[in-house]
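> My questions will all concern the structure given below.
Coordinate-derived values only; no laboratory data. All of these numbers come straight from a predicted model, not from anything done at the bench. Neighbour counts are summed over all protein chains in view; Cβ atoms, including those assigned to glycine, are modelled from backbone coordinates with ideal geometry.
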Amino acid sequence: MTSLNPSVALNGCQIQRALNATVEIVEASPQNRRFPDRISETLGVCLKSGAGHDVVVDGRPRRYPADSICVRAPGCVWSTESTGPVAFLSLDIEAIWLPPGGVAGSMQFLPANCVPDLRSLVRTLRSEAAPLEQQTAVAELVAALITQGALRSPGFCADDGRNATERARELLLSRLPAPPTLEELANAVSANRFVLLRGFRRSFGLTPHAFTLRARIERSRGLLARGNDVAEVAHDLGFADQSHFSRLFKRVYGVTPGRYRRQAHRIAAVP
């Protein structure tokens, strides 16, 4: 049962830190809450489940719509006397994951389907996914917020840098078993990670993380056809475990790695 008197801010919430403690995840079950005046120091992205409620933003009254996403730019001043019985999932993203020069804006509200699924992103951050995958997921969210007009960022609109994407692809292919983080990849090709991410997707149709997974799967075919053990191939290509490798292989090729290995071996053995 929801209390009639609002709880203050984060009482009873589940709070975690991810990406070396630079992203805070807050998850709250339905409850009436109040948020006294605060100034956002990070980029806040909050998915609310429940009815709309009033909020004061930079001294002006606003309405936080039902079942929508709130985007709070760094420096935003805001407060809420009562949220009503709502649940929320919130991310606070530190400046390290923002484009060069940071982002600007106030508080904006977006339909939940306008940006990458926040729940899926949180599952990725809570998992043992590779740093490249986790960093890419956060960068994709920030890029979507800028594209949707919820934030402004001069550093996001720099030149796409075709040469940088080509060099990034070469680097990823050379380090498939242990790919660099998104930050390392961007530094290696002298591009900011948002420019690189956008340019890479434009050039190859995939994020660097998705490209790495697909390239690993493609390389595994040759190793399996030569008779290498499935578990050995999974380990040598840097997959978390054999089951993860097998699921991805079957998703791409429609057969398990073991079956592919047997079929390829039979074909090779035909005189």
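> Over all directions, average the projected area of the Cα convex hull of the range 211-269 and note it in nm².
Its average projected convex-hull area is 3.4 nm².
> For the range 136-271, take the convex hull of the Cα atoms, compute a quarter of its surface area, and give me that in nm², please.
Over every viewing direction, the Cα hull of the range 136-271 projects on average to 9.5 nm².
> Another question, then. For the range 7-147, what is the charge dipole size about the Cα centre, in debye to the nearest 20, if Lys and Arg each add +1 at the Cβ and Asp and Glu each add -1 at the Cβ?
Using Cβ point charges on Lys, Arg, Asp and Glu, the range 7-147 gives about 300 debye.
> Given Cβ point charges of +1 (Lys, Arg) and -1 (Asp, Glu) and nothing else, what value in debye, to the nearest 20, does the dipole of the range 40-96 about its Cα centre take?
Values: 5 positive and 7 negative charges, 43 e Å.
It comes to approximately 200 debye.
> Expressed in whole Å with the largest first, what are the equivalent ellipsoid semi-axes of the chain derived from the C-alpha gyration tensor as the square root of 5 times each eigenvalue?
That gives 42, 23, 14 Å for the three semi-axes.
> While we're on this one: Enumerate the amide H contacts of Gln31 below 5 Å, restricted to partners 5 or more residues apart or on another chain; note that Pro and chain-start residues carry no placed amide H.
Val86, Ala87
> Could you order peptides 246-259, 68-81 by the average number of other Cβ atoms within 10 Å of their residues, highest first?
In decreasing order of mean packing, 246-259, 68-81 become 68-81, 246-259.
> Which value, in nm² and rounded to one decimal, describes the direction-averaged projected area of the C-alpha convex hull of the range 7-147?
So the mean shadow area of the Cα hull is 7.8 nm².
> Let me ask you something else. In whole angstrom, note down how far apart the Cα centers of the range 195-271 and the range 6-61 are.
41
> Given just the C-alpha atoms of the range 31-100, how large is their convex hull per residue in cubic angstrom?
81
> Quick one: pull the percentage of alpha-carbon pairs in the range 81-188 with a separation above 25 Å. Kindly include the intermediate steps, with their values, before the conclusion.
Details: 1835 of 5778 pairs.
Tail of P(r) above 25 Å: 32 percent of Cα pairs.
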